[in-house]
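The structure appears right after this line, and notes come after that.
The values are calculated or read from the model by the stated rules, or taken from the named source; none is laboratory data. Keep in mind that what you see is a predicted model, and the values were worked out from it rather than measured. Cβ placement follows ideal geometry from the backbone for every residue including glycine, while neighbour counts extend to all protein chains displayed.
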Amino acid sequence: METSQLLTFFDAVRAAEKLTPTQLNALMVKHVHDADGNSVAQTKIVAAYKELTAQGVIPFERELFERLRMKPTRTISGVAPVAVLTGPYPCPADCIFCPEAKGVPRSYLPDEPAVQRARRAHFDPYKSTKARMDTLAAMGHPIDKIELLIIGATWSAYPKKYQEWYVRRCLDAMNEGAAAKTLEEAQKRNESARHRCVGMVIETRPDYINMDEVRRLRWLGMTKIQLGAQSTDDKILAMNRRGHTIEDTRRAVRLLRLAGFKLHLHWMPNLYGATPESDVRDFQNLWNDVALRPDELKIYPCMLIEGTDLYKLWQEGKYRPYTDAELIETLAQAKRFTPPYCRINRVIRDIPAQYIVEGSTQSHLRVVVQQEMKKRGWQCQCIRCREVRNEKLEIEKLEIQDYQYETDATTEHFLQYVTPTGRLAGFLRLSLPRADVPREEILEELRGCAVVRELHIYGPALELGVSDSGKAQHSGLGRHLAEHAMQLARAAGFKRMAVISAIGTREYYRRLGFELGELYVARDI
Ligand code: SF4
Ligand SMILES: [Zn+2]
């Protein structure tokens, strides 16, 4: 950080009539950066101010100093998402729409913000994780609970040694620099670290999932898997050279669900061969097909990017991106079929507009689609559209609802806490495997167990161990949901319950009577 940057920043802080912590953060992010262009932690700026005044470069001003030290607000959701990109490595597949740029993982483009950040860190997992944590902290987000999202092409195709090193170094960064010799050591340290990993996610392909991979993903610490499903139609999958079938996706979803993972699918409208009508039907298949029914969904409308084989098809007049109107219509039509247990995280991929040859560059697509649905009296019931934000909750008025649905291998209970106005304050996903599931499809540790795949309570972020009554996260809602789930499992004949716990939530489950096994925490019920 340069002195000139700091002086401009101090001027801006001094000039502000009234200053909230959020505004202070915004000024900090705008004006002060380190050599790599990342924002700088507030503590460092305060230290720099002290030094500059001690050296007599600028006079000390009490009022300015107080402003600089302002405590950040505890904001937004309880968990800080840290997305890091793996290094360039060839993807085993060759989908016709997928861009390939030098020096970045397949499917990513050099000017995307996440890619730029990764390049600044030379794709080093330790530096990437640390830089992202520092930026979030500088922006006033608590970073004691971290969800680590490892992105970049097909994770399962990377060498095993690389995978292990990558995860270990990310954890080392959360463990504040202590370099662990083994993955297990890094995980153990993180259990009581100040920045705990409460979720870990990778993205991979359906045809790479088998029982060995399932076990390995859990061993690495993963709690959620993003799978590129893209379409439920074998013809479309083949036309776009996906290299897998819908049966592969079904099988992957089944094995991952039985292992307790949260299931996040990517779905792509506007693929080669699709029409707005076929896309709406395809979206419905995600829910009608009992073997799919994902927990989360990312909608990435297919984008036309120069240099891809899809681009050639477009030049030959065989492919056409939807217009804005067509895309909005398709998504509005489709979204109303979303069941309440799914969260639609995204409706567009944030590709810088200069890469898109033709088609939608609407970056506010989600809002536009929502407005369109509202006009017609439709509603998206997905989790994201219903979750409580920073609203104050009256705990006594919350109601537990059990939304039950079947899959090809389990009975699922989506237990949700709803407010009188239908807002979602928290939920738990309970999977009850059916008795006819072949033994070899269930990891030894989970045989005979009911499985909790996710427990999430909304509310403002709180630092670990700090209680704040009245806000959702620490009011025992989680414990209630867990107890309710145990009752349901017992009633269905289960004698044991397991939870896919991230490293940072093991402690929480210990307090609920669970013990750490090899890959899961579990207890008799
Ligand atoms: S699998 Fe993913 S990264 Fe690989 S070519 Fe297809 S879209 Fe691109
Ligand atoms: Zn929604």
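Looking across region 114-152, just one residue is in a helix (DSSP H, G or I), within 16 Å of ligand 1 (Cβ to nearest atom) and surrounded by fewer than 20 Cβ atoms within 10 Å (Cβ to Cβ), and that is Ala114.
Quick one: count up the residues across region 184-193 that are surrounded by fewer than 23 Cβ atoms within 10 Å (Cβ to Cβ) and either of a type in the set (A, V, I, L, M, F, W, C) or within 19 Å of the chain's Cα centre (by Cα) (or both).
Initial filter on region 184-193 (surrounded by fewer than 23 Cβ atoms within 10 Å (Cβ to Cβ)): 184-185, 187-189, 191-193.
Now drop any that are not either of a type in the set (A, V, I, L, M, F, W, C) or within 19 Å of the chain's Cα centre (by Cα) (or both), which leaves 193.
The qualifying residues number 1.
Contact annotation: residue pairs with Cβ atoms under 9 Å, 6 or more positions apart or on different chains, pairing a residue in region 1-25 that is of a type in the set (Phe, Trp, Tyr) with a partner that is surrounded by fewer than 16 Cβ atoms within 10 Å (Cβ to Cβ) and outside any helix (DSSP H, G or I), are Phe10/Ile58; Phe10/Glu61.
For region 462-476, check the following and say yes or no: at least one residue is outside the structural domain of Arg196 (by TED's automatic domain parsing), at pLDDT 90 or above, part of a loop (DSSP other than H, G, I, E, B) and not aromatic (Phe, Trp, Tyr). Within region 462-476 (the criterion being outside the structural domain of Arg196 (by TED's automatic domain parsing), at pLDDT 90 or above, part of a loop (DSSP other than H, G, I, E, B) and not aromatic (Phe, Trp, Tyr)), the answer is no, since none of the residues qualifies.
Quick grid of which residues meet (1) hydrophobic (A, V, I, L, M, F, W, C); (2) away from ligand 2 (no atom under 16 Å from the Cβ); (3) more than 19 Å from Ile503 (Cα to Cα); (4) assigned to a helix (DSSP H, G or I):
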{"site": "Arg215", "(1), (2), (3), (4)": "no, yes, no, yes"}
{"site": "Thr232", "(1), (2), (3), (4)": "no, yes, yes, no"}
{"site": "Arg242", "(1), (2), (3), (4)": "no, yes, yes, no"}
{"site": "Thr249", "(1), (2), (3), (4)": "no, yes, yes, yes"}
{"site": "Ala252", "(1), (2), (3), (4)": "yes, yes, yes, yes"}
{"site": "Gly260", "(1), (2), (3), (4)": "no, yes, no, no"}
{"site": "Leu265", "(1), (2), (3), (4)": "yes, no, yes, no"}
{"site": "Leu271", "(1), (2), (3), (4)": "yes, yes, yes, no"}
{"site": "Ala274", "(1), (2), (3), (4)": "yes, yes, yes, no"}
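Considering only residues that are β-branched (Val, Ile, Thr) and assigned to a loop (DSSP other than H, G, I, E, B), look in region 153-183 and name the one that is surrounded by the fewest Cβ atoms within 10 Å (Cβ to Cβ). Applying the filter and picking the extreme gives Thr182.
If you go through region 372-390 and keep only what is modelled with pLDDT of 90 or more and of a type in the set (Asp, Glu), you end up with just Glu372.
Give me the residue from region 114-156 that is polar (S, T, N, Q) and either in contact with a helix residue (DSSP H, G or I) (Cβ under 9 Å, 6 or more places away or on another chain) or within 16 Å of ligand 2 (Cβ to nearest atom) (or both) and, out of that set, farthest from Leu217 (Cα to Cα). Even if it seems obvious, please write down each step before you answer.
Narrowing region 114-156 to residues polar (S, T, N, Q): 116, 128-129, 135, 154, 156.
With either in contact with a helix residue (DSSP H, G or I) (Cβ under 9 Å, 6 or more places away or on another chain) or within 16 Å of ligand 2 (Cβ to nearest atom) (or both) added as a condition, the list becomes 128-129, 135, 154, 156.
Values: Ser128: 21, Thr129: 20, Thr135: 28, Thr154: 13, Ser156: 9 Å.
So, considering only residues that are polar (S, T, N, Q) and either in contact with a helix residue (DSSP H, G or I) (Cβ under 9 Å, 6 or more places away or on another chain) or within 16 Å of ligand 2 (Cβ to nearest atom) (or both), the one farthest from Leu217 (Cα to Cα) is Thr135.
Yes/no matrix, rows are residues, columns are (1) surrounded by fewer than 19 Cβ atoms within 10 Å (Cβ to Cβ); (2) within 16 Å of ligand 1 (Cβ to nearest atom):
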{"site": "His195", "(1), (2)": "no, no"}
{"site": "Thr204", "(1), (2)": "no, yes"}
{"site": "Tyr208", "(1), (2)": "yes, yes"}
{"site": "Asp212", "(1), (2)": "yes, no"}
{"site": "Arg216", "(1), (2)": "yes, no"}
{"site": "Met222", "(1), (2)": "no, no"}
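Assessment of region 56-77 against the conditions (modelled with pLDDT of 90 or more and among the acidic types (Asp, Glu)) yields no matching residue.
Scanning region 13-47 for residues that are among the small types (Gly, Ala, Ser) and either within 30 Å of Val115 (Cβ to Cβ) or out of contact with any helix residue (DSSP H, G or I) (no Cβ under 7 Å at 6 or more places or on another chain) (or both) gives Ala15, Ala26, Ala35, Gly37, Ser39, Ala41, Ala47. Between Gly493, Gly513, Gly448, Gly517, the distinction of being surrounded by fewer than 21 Cβ atoms within 10 Å (Cβ to Cβ), over 25 Å from Arg386 (Cα atoms), touching a helix residue (DSSP H, G or I) at 6+ places or on another chain (Cβ under 7 Å) and modelled with pLDDT of 90 or more belongs to Gly517 only.
Working only within region 328-364, note down all residues that are within 15 Å of ligand 2 (Cβ to nearest atom), in contact (Cβ under 8 Å) with a residue 60 or more places away in the chain and of a type outside the set (S, T, N, Q). Matches in region 328-364: Leu331, Ala334, Pro339, Pro340, Tyr341.
In region 141-156, the residues that are under 22 Å from Asn175 (Cβ atoms) reach residues that are of a type in the set (Asp, Glu) and more than 16 Å from ligand 1 (Cβ to nearest atom) with C-beta atoms within less than 6 angstrom, at least six apart or across chains, in these pairs: Pro142/Glu463; Asp144/Glu463.
When region 380-412 is filtered for residues that are in a loop (DSSP other than H, G, I, E, B), touching a Leu at 6+ places or on another chain (Cβ under 8 Å) and more than 16 Å from ligand 2 (Cβ to nearest atom), the ones remaining, listed by number, are Leu398, Ala409.
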